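K.L.:
Input: one structure, supplied below.
The values are calculated or read from the model by the stated rules, or taken from the named source; none is laboratory data. Every value quoted in this text rests on a predicted model; they were computed, and no experiment measured them. Counting neighbours? That spans all protein chains shown, and the Cβs are built from the backbone with ideal geometry, glycine included.
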Amino acid sequence: MVAQILFLVLTLAAIALFTVNLRKIIRNIRLGKPVDRQDQPQKRLMTMLRVAFGQSKMVVRPIPAFLHFFVYIGFVIINIEVLEIMIDGLFGTHRIFNGLGGLYNFLIGSFEILAFTVWVSCAIFLVRRNILKLKRFSGVEMKSWPKSDANYILITEILLMSAFLLMNAADAKLQLLGASHYVNAGAFPVSQYLMNILPSTESALVIVERSCWWFHIIGILAFLNYLPYSKHFHILFAFPNTYFSNLEPKGEFTNMASVTNEVKAMLDPSFVPAETEPGKFGAKDVTDLSWVNLMNAYTCTECGRCTSVCPANITGKLLSPRKIMMDTRDRITEVGQNIDKHGAEHQDGKSLLDDYISREEIWACTSCNACVEACPVNIDPLQIIMELRRFAVMEESQAPGSINAMMGNIENNQAPWKYSPADRFNWAQES
Amino acid sequence: MAELMAAGEEPEILFWVGCAGSYDERAQKITRDICKILHHVGIKYAVLGTEESCTGDPAKRAGNEFLFQMQAMTNIEVLNAYNIKKIVTGCPHCFNTIKNEYPGLGGTYEVIHHTQLIQDLINEGKLKAEGGESFKGKKITYHDPCYLGRGNGIYEAPRKALEVLDAQLVEMKRCKSNGLCCGAGGAQMFKEPEKGNKDINVERIDEALQTNPQVIAAGCPFCMTMLSDGIKLKDKEQEIKVLDIAEITARANGL
């Protein structure tokens, strides 16, 4: 009975804490500017099913896709087991689903095989990060916390899977001993090989089985509460992020309605613009970005596929699309913390541009969309870069000199070079 | 265009030449070859001549939305005044801007890139690869322009135009949706690159050279500049030609 109450309290506390943190993240995302992503629900649903659920963009790199698939499918399916653990924990039962008979054996057997593949995949991932030191996982933005974060996640998953398998091994051994409470249920294709390393007395086995059971469930509840602080949050946000992703051609950049009004008024003095709230052009800080940009930032799992295909980054420039996303997330988190501590009106005098992302970074972008194409969850770093450029150019007139010259040429000669408009048709005369 | 209008006629298609195609010496050759192809198949086309002006693409990618929309609305006024329905462009940047960004500002047209026009003409049997230079068996590698490929998902049209040559098409390691930028996009064409350890066009040329090509095919005047500069830098101008798909098509047909 005490165990059941303890279980209930822990579960409720974990869910409550997670809810508080999740709501904070959603509030932070809502600090972004509105953008309509409710159109074409069917196409959006299909995109989500294909890209997030079906992992369609992962296959570009087969080895990590294969390993990630095991971890992903393991995560989804082993959660059925968590449901049983929940019921057992609350009602003091043991392996409540064993009534399913053959199906139950099949399920437990499958979970074991999946747990094993998750274990192996995570171990390989650790090797790739820490021993092989793949280039994709390095970079200026991948020091300290982000580096540790990735390792914590992998180690936690290995520990959780180990606990699950050890728990089953102890259970299987107890079943063989005919221990009361331990009904004959389940198939143990993996954990049967662990039985030999376990003690042989019933009391010791019960301690192992119960410890692993508690470790496994407390571990899951703790991991749930680790998510909001971690890149691992993508396991939840990959779904809404792909659903609300851009469906238009990647080459198409948004036309700013506020500018349209002013340009129309300039070209046609009789034009009366519709009332729009005066705002700044482009983005200086995260709250000038759209909520989709901010959701992108929380979804990023720092895999670095974007940065590894970025032509600027490949050729040694400072720009890294992954850093753009991580900076955006760190800054919106900071803005959220300021609100919690000092109220909504508080200004800390910092901004995304300059305090996090430098001018050198935003001007190195070729707008080639390789980062957008590469992202397995449809994050768009390019849009953030463009918004920062818009602020630099339209609010501050702070473009590189040669860019100013180019724009001057367009204004005066209707071409980015210094040629006379009268000569535009000369190509037809020469040959 | 003004002349056609004065004669009370309408073109089947408007050829949007673009600033590079109008002023850049290298790109002018591509412009003239596109005209030769249009003439060869008997399409009634027009150009705006001195009434054309920058689409505003480089201003927009640089962050100057004002200048972009000023250019866009001025151009849309001209295009709508001539009642233009269909446009072919010689540049993926003009193509992307007019096709995707003009409709929201009042300019809706059917817009195609010249490689799509060539593909259509080949499919319709109006254009073949005969009567001119033979590319048979030649090693050709095609560089995907970002705003044609990733930007608008057009990967097959330019390849189709090369397939009829009976040449040997070799893909670079990074091609199609994974293609590497030439380094000119996003207004980079008009500025010095940021500090790094290599120029992007050199990175791309190094990759192209690995396919050991005789011809590097391009579909964008900016890519043309970047790739040609790269080839010059590598001192390979004699062995390797950088040619636009339109130029290759025109040559293959003896135009």
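K.L.:
List pairs: first in the stretch A:346-369 and on the phi > 0 side of the Ramachandran plot, second outside any loop (DSSP other than H, G, I, E, B) and surrounded by 13 or more Cβ atoms within 10 Å (Cβ to Cβ), Cβ under 7 Å, 6+ apart or cross-chain?
P.N.:
A:367/A:382; A:367/B:61; A:369/A:382
K.L.:
Another question about this same structure. When residue B:185 is evaluated against the numbered criteria (1) buried (at least 23 other Cβ atoms within 10 Å of the Cβ); (2) touching a strand residue (DSSP E or B) at 6+ places or on another chain (Cβ under 7 Å); (3) closer than 22 Å to residue A:366 by Cα, which criterion, by number, is the only one it fails?
P.N.:
That leaves (2) as the condition not met.
K.L.:
When you check residue B:197 against the structure, is it surrounded by fewer than 21 Cβ atoms within 10 Å (Cβ to Cβ) and either assigned to a strand (DSSP E or B) or in contact (Cβ under 8 Å) with a residue 60 or more places away in the chain (or both), yes or no? Spell out the reasoning first.
P.N.:
Working: surrounded by fewer than 21 Cβ atoms within 10 Å (Cβ to Cβ): yes; either assigned to a strand (DSSP E or B) or in contact (Cβ under 8 Å) with a residue 60 or more places away in the chain (or both): no.
Against the criterion (surrounded by fewer than 21 Cβ atoms within 10 Å (Cβ to Cβ) and either assigned to a strand (DSSP E or B) or in contact (Cβ under 8 Å) with a residue 60 or more places away in the chain (or both)), residue B:197 does not qualify.
K.L.:
Here is a follow-up. Taking the stretch A:261-293 as the search range and keeping residues that are part of a helix (DSSP H, G or I) and at pLDDT below 90, which one is farthest from the other protein chains (Cβ to nearest Cβ)?
P.N.:
In the first step, residues of the stretch A:261-293 are kept if they are part of a helix (DSSP H, G or I); the result is A:261-267, A:286-288, A:291-293.
From the residues that got through so far, the ones that are at pLDDT below 90 too are A:261-267.
Details: A:261: 10, A:262: 7, A:263: 4, A:264: 7, A:265: 11, A:266: 7, A:267: 6 Å.
Ranking the qualifying residues of the stretch A:261-293, first place goes to A:265.
K.L.:
If the Cβ limit is 8 Å and pairs must be 6+ apart or interchain, which residue in the stretch A:400-426 that is within 7 Å of another protein chain (Cβ to nearest Cβ) pairs with which residue that is of a type in the set (Val, Ile, Thr) and surrounded by fewer than 19 Cβ atoms within 10 Å (Cβ to Cβ)?
P.N.:
Listed pairs, sorted by first residue: A:421/B:50; A:422/B:50; A:424/B:50; A:425/B:50.
K.L.:
Can you name the residue in the stretch B:46-63 that is charged (D, E, K, R) and more than 7 Å from chain A (Cβ to nearest Cβ) and is also surrounded by the most Cβ atoms within 10 Å (Cβ to Cβ) among such residues?
P.N.:
B:57
K.L.:
Give me a count of the residues in the stretch B:214-254 that are free of Cβ contacts under 8 Å to residues at least 12 places away in the same chain and part of a helix (DSSP H, G or I). Can you show your working first?
P.N.:
Quick first cut of the stretch B:214-254, residues free of Cβ contacts under 8 Å to residues at least 12 places away in the same chain only: B:232, B:235, B:237-238.
Applying the additional criterion that residues be part of a helix (DSSP H, G or I) yields B:232.
Total meeting the criteria: 1.
K.L.:
Next question. Residues in the stretch B:153-179 that are closer than 18 Å to residue B:96 by Cα and free of Cβ contacts under 8 Å to residues at least 60 places away in the same chain: how many? Spell out the reasoning first.
P.N.:
Of the residues in the stretch B:153-179, the ones closer than 18 Å to residue B:96 by Cα are B:153-158, B:176-177, B:179.
From what is left, the residues that are free of Cβ contacts under 8 Å to residues at least 60 places away in the same chain are B:153-157, B:176-177, B:179.
Qualifying residue count, the stretch B:153-179: 8.
K.L.:
Residue check: is residue A:169 at pLDDT 95 or above and either over 36 Å from the mean Cα position of the chain (by Cα) or under 16 Å from residue A:105 (Cα atoms) (or both)?
P.N.:
When the stated conditions are applied, residue A:169 passes them.
K.L.:
Could I ask something else about it? Conditions: (1) crowded, with 19+ Cβ neighbours inside 10 Å; (2) at pLDDT 95 or above; (3) touching a Ser or Thr at 6+ places or on another chain (Cβ under 9 Å). Residue B:179 meets all but one. Number of the miss?
P.N.:
For residue B:179, the exception is condition (3).
K.L.:
Kindly indicate which of A:19, A:47 is over 21 Å from residue A:330 (Cα atoms) and at pLDDT 95 or above.
P.N.:
None of the others qualify; the one that does is A:47.
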